[in-house]
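The structure appears below as structure tokens.
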Amino acid sequence: LQGPRYVSSAPSGGFAVSEECGDVKVFTGGRELLCSLSSRYGHHFGNPSGLCVDADGSILVADEQLRTVHLFPERGAPVCVVSAGLRRPAGLACSALGQLFVADAGDNCVKVFK
């Protein structure tokens, strides 16, 4: 890993790790590299930070530099789910009720999205 930052559980017992100024890598439960989100989806990250996995198994990633949150589904193209209102998104969490919590270090608060 190149500057690991945040880690989250991932589908099928694995985990995902964001790398500073780089990529997000997804590993199996046996700690073998499953994929790189940049390579798999052809997505360019600025500075990936917090990440989480929703109830459908999609990986959500905050990007501090681009000030966005993208959703990476198991199938299909990535979707930008938050594109405005963030100054420095860091940590992410998903609730069972479909809410997305974003710790915004630039505003010193937690923002909630539905």
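Using a 1.4 angstrom probe on heavy atoms only, work out the carbon and sulfur share of the accessible area of the stretch 4-113 in %. Present the calculation step by step, with values, prior to reporting the outcome.
Working: 2860 of 5640 Å².
C and S atoms contribute 51 percent here.
May I ask you to derive the relative contact order of the chain, considering only C-alpha pairs under 8 Å and at least 6 residues apart, and to give it as an integer percent? Please list the in-between numbers first.
Numbers: 286 pairs, mean separation 18.4, N = 114.
The value is 16 percent.
Give, to the nearest whole percent, the P(r) tail of the chain beyond 25 angstrom, counting all Cα pairs. Mind showing how you got there, number by number?
Values: 829 of 6441 pairs.
Of all Cα-Cα pairs in the chain, 13 percent lie more than 25 Å apart.
Which value, in Å², gives the accessible area per residue of the chain when a 1.4 Å probe is used on the protein heavy atoms? Before the final figure, lay out the partial values.
Details: 6110 Å² over 114 residues.
With all protein chains present, the chain gives 54 Å² per residue.
Grab the DSSP H runs of the chain that are 4 residues or longer, score each as -39,500 (n - 2.57), total them, divide by all residues and round the 222 nm result to the nearest 500 deg cm²/dmol.
-1000 deg cm²/dmol
Any chance you could check the Cα centroid distance between the stretch 75-105 and the stretch 1-54 for me, in angstrom?
Computed from Cα coordinates, the inter-centre distance equals 15 Å.
Using modelled backbone amide H atoms (1.01 Å from N, in-plane), which distant-in-sequence or interchain residues come within less than 5 Å of Thr68's amide H?
Asp63
The values are calculated or read from the model by the stated rules, or taken from the named source; none is laboratory data. Predicted, not measured: the structure shown is a model, and the values here were computed from it. Side chains included, ligands, DNA and RNA excluded: accessible areas come from the protein's heavy atoms. Shrake-Rupley method; radii C 1.70, N 1.55, O 1.52, S 1.80 Å.
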